[in-house]
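Undergrad: Before I ask anything, here is the structure I am working with.
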Ligand code: B12
């Protein structure tokens, strides 16, 4: 697969050109090359980081942020099924959601795709997930791990709330908590008592694979 098509996908996002991004994603899907799919997901992630910087610097506004989010979701919806193709036997169940008040789900979905392709049974609670919904899902599915995604500094304390509630309901030692998203750090994970922080989906998948094996 040529780098041109990956570059077209990246440019489609950076130039807010849905047609180009969709055309590139569709060529990648037709190529059915798992390495190209990973490069494509990386290109989407990288473009969104650049967009975040443009937004932060006041070069781009909310309307552009919303539209680039739509383009990224469209491209990821096309690429996701190819990532799932590698799934073998179940490595364990993982419940995942984006915390209350936060409507970012692209990164959470990418983590889900990687973990699925490593054989995990992923249960998606969606975004803007209230504490009680996380707790109910842990009770219902008894997962190996609970994953929480958070991209806003203003909602990061929701993670601490969920962990405190797990403790209060005697569930904390029954589930490994992994967190990720642009607003979080390793230090924050330690502070709120999460078992792990993952800076990206690949590291997150490596961590839950280690937990699954032990
Ligand atoms: C696209 C986007 C949006 C879209 C989201 C669309 C969607 N469906 O997700 C929309 C338009 C909705 C949006 C809205 C807002 N956004 Co916004 N958004 C972004 C942007 C540009 C990209 C986010 C993204 O998808 N990145 C790509 C993915 C792949 O990266 P990721 O999420 O970090 O995920 C990776 C890892 O972190 C990890 N990961 C993520 N989650 C998890 C979970 C687990 C368990 C694990 C293991 C790993 C993991 O794996 C992923 C893949 O490697 C970021 C910029 C940035 N730097 O992140 C701003 C950004 C997050 N947004 C920001 C802001 C301010 C907002 C708004 C408040 C804007 C406004 N004024 O209204 C609103 C808030 C709405 C709300 N209540 O949530 C700020 C947040 C600042 C802060 N620190 O709080 C950012 C950082 C932009 C900026 N630089 O200012 N946004």
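Since every read-out is calculated from the coordinates, none of them should be taken as a lab result. None of the values given here were measured: they were computed from a predicted structure. Counting neighbours? That spans all protein chains shown, and the Cβs are built from the backbone with ideal geometry, glycine included.
Undergrad: Kindly indicate whether residue 13 is within 19 Å of the chain's Cα centre (by Cα), more than 15 Å from residue 113 (Cβ to Cβ), surrounded by fewer than 16 Cβ atoms within 10 Å (Cβ to Cβ) and in contact (Cβ under 8 Å) with a residue 12 or more places away in the chain.
TA: It is false that residue 13 is within 19 Å of the chain's Cα centre (by Cα), more than 15 Å from residue 113 (Cβ to Cβ), surrounded by fewer than 16 Cβ atoms within 10 Å (Cβ to Cβ) and in contact (Cβ under 8 Å) with a residue 12 or more places away in the chain.
Undergrad: Mind listing whichever residues of the stretch 141-154 are in contact with a strand residue (DSSP E or B) (Cβ under 9 Å, 6 or more places away or on another chain) and either under 23 Å from residue 213 (Cα atoms) or surrounded by fewer than 20 Cβ atoms within 10 Å (Cβ to Cβ) (or both)?
TA: 141, 142, 143, 144, 145, 146, 147, 148, 152
This table checks each residue for (1) part of a loop (DSSP other than H, G, I, E, B); (2) farther than 22 Å from residue 103 by Cα.
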{"site": "159", "(1), (2)": "no, no"}
{"site": "170", "(1), (2)": "yes, yes"}
{"site": "188", "(1), (2)": "no, no"}
{"site": "194", "(1), (2)": "yes, no"}
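Undergrad: Any residue in the stretch 95-116 that is more than 11 Å from the ligand (Cβ to nearest atom) and surrounded by 16 or more Cβ atoms within 10 Å (Cβ to Cβ)?
TA: Yes, the stretch 95-116 contains at least one residue that is more than 11 Å from the ligand (Cβ to nearest atom) and surrounded by 16 or more Cβ atoms within 10 Å (Cβ to Cβ).
Undergrad: Any idea which of 36, 25, 63 is over 16 Å from the mean Cα position of the chain (by Cα) and surrounded by fewer than 16 Cβ atoms within 10 Å (Cβ to Cβ)?
TA: Being over 16 Å from the mean Cα position of the chain (by Cα) and surrounded by fewer than 16 Cβ atoms within 10 Å (Cβ to Cβ) holds for just one of 36, 25, 63, which is 63.
Undergrad: May I pose another question? Only one residue in 29, 51, 37 is part of a helix (DSSP H, G or I), over 30 Å from residue 121 (Cβ atoms) and touching a helix residue (DSSP H, G or I) at 6+ places or on another chain (Cβ under 8 Å). Which one?
TA: Result of the check over 29, 51, 37: 51.
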